[in-house]
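Undergrad: Supplied in structure tokens, the structure appears directly below.
The values are calculated or read from the model by the stated rules, or taken from the named source; none is laboratory data. All values reported here derive from a predicted model rather than from experimental measurement. Every residue, glycine among them, receives a Cβ derived from its backbone with ideal geometry; neighbour counts consider all protein chains shown. Heavy atoms of the whole protein, side chains included, go into the accessibility calculation; ligands, DNA and RNA do not. Shrake-Rupley method; radii C 1.70, N 1.55, O 1.52, S 1.80 Å.
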Amino acid sequence: MKAFVVDRYGGPDVVRAGEMPDPEVRDNDVLVEIHAAGVNQLDTKIRAGEFKRILPYHLPIVLGNDLAGIVVRVGSKVQRFQPGDEVYARPDKDRIGTFAERISVHEDDLALKPRSLTMEEAASVPVVALTAWQALVERANLRKGQRVLIQAGSGGVGIIAIQLAKHLGATVATTTSTENIDWVKRLGADTVIDYKRDDFETVVHDYDLVLDSLGGETLEKSLRVLKPGGKVIGIGGPPDPDFAREIGSPWIVRQVMRVLSYRTRKRAKRLHVSYSFLFMRANGEQLREIGALIDAGAIHLVVDRVFPFEATKEALAYVERGRAKGKVVIAVR
């Protein structure tokens, strides 16, 4: 099958178009013919080797973490899917590879595609929507009346997180650039901070939750806008010891993560708030719940551009520049 492959970690030039063997279909697996694949900053970071300590892939690997397509074949123990089903998924972190014509996915990581979406729209959903869901619903248990600051509201995660937080009844603040202010307000944000003009730390205070995708100085300031007992959930790092235990990292890697996050965790404790790192995981049941919200009109999607399959390298470069407004998608078929 045709695929876009990384043989060694590095810059954009390490991605090549090539032929790869058809995926193996095990008893609980579903073979999917990929029609569209979402492109994420996660893909460029995997390509560059930024996660090689926590995601030790055996190269070569096929890139890609989002898919929408049609079931071709199912394993002998699969119960919920059959050939012809239209599905979408974020494959397990150990089984990525959606920049390809076919992929084998465990049935637990798969869900039926929302009926109201095209393949390209559906492929834009899994990574960003699962990230928002696992941060706001699963980890933070965000409730009606609480206040949440979502950093980078016009990014892929931010767009979904704003709408999901409003659906949950929260008051939402977000940061964005000047040209996107009216747009994120239409998504539902109650307070919009133009990061080019204002420091969010001077605008919001006593919040229950911050969803931070930027890290660095932004993360440090995010700790200071929380009320006592508040939480910062970081998806841009640094990884923490709990995450290391969750993924079963070796002892030395756990110590590295402890050191990387020590300063942030110490400052959080001094401020009587908490910090945790979230690395989104595959979950078909959560995708089913997200799909129901999409079909009900509670969450709307924003696709910035659709690239043809042969232009996958160009799609990755476009995402890496950080200028996309919403998601970027590859039309595989």
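Undergrad: Around Leu301, what is the net charge, scoring Lys/Arg as +1 and Asp/Glu as -1 over all other residues with Cβ under 11 Å from its Cβ?
TA: That sum, taken over residues with Cβ under 11 Å, equals -2.
Undergrad: At what distance in angstrom do the alpha carbon centres of the range 290-333 and the range 248-262 lie from each other?
TA: 33 Å
Undergrad: Could you work out the local net charge near Leu63, counting Lys and Arg as +1, Asp and Glu as -1, over the other residues with Cβ closer than 12 Å to its Cβ?
TA: Overall, the nearby charge balance is +1.
Undergrad: What Kirkwood Rh does the range 142-207 have if only Cα atoms enter the pairwise 1/r average? Answer in Å.
TA: Taking the inverse mean of 1/r over all distinct Cα pairs, the range 142-207 comes out at 11.5 Å.
Undergrad: Taking Cα pairs under 8 Å and at least six residues apart, what relative contact order does the range 155-266 come out at, in percent?
TA: Normalised by residue count, the contact order of the range 155-266 is 16 percent.
Undergrad: Beyond 25 Å between alpha-carbons counts as too far, so tell me which of Lys144/Lys266; Lys227/Lys327; Lys144/Lys325; Lys269/Lys327; Lys166/Lys221 fall in that bin.
TA: Over 25 Å apart, Cα to Cα: Lys144/Lys266; Lys227/Lys327; Lys144/Lys325; Lys269/Lys327.
Undergrad: For the range 1-156, what relative contact order do you get, as a whole percent, if you take Cα pairs closer than 8 Å and at least 6 residues apart?
TA: Here the relative contact order equals 26 percent.
Undergrad: Right, something else. If I model a spin label at Gln79 and His300 as a point 7 Å from the Cα along the Cα→Cβ vector, what separation in nanometres do I get?
TA: 3.9 nm
Undergrad: When the expected Rg is taken as 2.2 N^0.38 Å, what fraction or multiple of it is the alpha-carbon Rg of the chain?
TA: 0.97
Undergrad: Whole percent per 10 Å bin, from 0 to the bin with the longest distance: what is P(r) over all C-alpha pairs of the range 167-316?
TA: 9, 28, 34, 25, 4, 0
Undergrad: Quick one: what Rg and Dmax do you get for the range 153-246 from the alpha carbons, in Å?
TA: Values for the range 153-246 (Cα only, Rg and Dmax): 13.3, 42 Å.
Undergrad: Another one. Sorted by accessible area (1.4 Å probe), largest first, how do Arg333, Arg16 line up?
TA: From most accessible down to least: Arg333, Arg16.
Undergrad: Give me the percent relative contact order of the range 157-210, please, defined on Cα pairs under 8 angstrom at least 6 residues apart.
TA: About 31 percent, as a whole number.
Undergrad: What base-10 log of the normalised intensity I(q)/I(0) is obtained for the range 1-81 from the Debye formula, alpha carbons as equal point scatterers, at q = 0.12, 0.18, 0.27 Å⁻¹?
TA: Scattering profile of the range 1-81, log10 relative to I(0): -0.42, -0.87, -1.29.
Undergrad: Extent of the range 5-144 along each principal axis, from alpha carbon coordinates, in Å, largest to smallest?
TA: Dimensions of the range 5-144 along the principal axes of its Cα atoms: 42, 38, 27 Å.
Undergrad: Return one whole number: the accessible area per residue of the chain in Å², for a 1.4 Å probe.
TA: Ligands and nucleic acids excluded, the result is 45 Å² per residue.
Undergrad: Would you mind pulling out the separation of the Cα centroids of the range 198-247 and the range 71-112, in Å?
TA: Cα centres, the range 198-247 to the range 71-112: 34 Å.
Undergrad: Filter the DSSP H helices in the chain by two things, a Kyte-Doolittle mean of at least -1.0 and an axial alpha-carbon span of 18 angstrom or more, and list the hits by number.
TA: Span-like helices, by this rule, are 251-270.
Undergrad: Per 10 Å bin, what percent of the C-alpha pairs of the range 242-316 does each bin hold, from zero upward?
TA: The percentages, shortest bin first, are 14, 23, 24, 31, 8, 0.
Undergrad: Still on this structure: Around Gly169, what is the net charge, scoring Lys/Arg as +1 and Asp/Glu as -1 over all other residues with Cβ under 15 Å from its Cβ?
TA: My count for the surroundings of Gly169 gives +2.
Undergrad: Another question about this same structure. Using only helices, what value at 222 nm comes out for the chain when you add -39,500 (n - 2.57) per DSSP H run of length 4 or more and divide by the total residues, to the nearest 500 deg cm²/dmol?
TA: -8500 deg cm²/dmol
Undergrad: Another one. Using a 1.4 Å probe on the protein chains only, how many percent of the accessible area of the range 110-157 belongs to carbon and sulfur?
TA: In the range 110-157, the share of accessible area belonging to carbon and sulfur is 49 percent.
Undergrad: Oh, and also: Mind checking the range 151-247 for trypsin sites (Lys or Arg not before Pro) that DSSP puts in a loop (not H, G, I, E or B) and that have at most 13 other Cβ atoms within 10 Å?
TA: Lys196, Arg197
Undergrad: How big is the range 64-188 on each of its three principal axes, counting only the C-alpha atoms and giving the largest first in Å?
TA: Principal-axis extents of the Cα atoms in the range 64-188, largest first: 48, 30, 28 Å.
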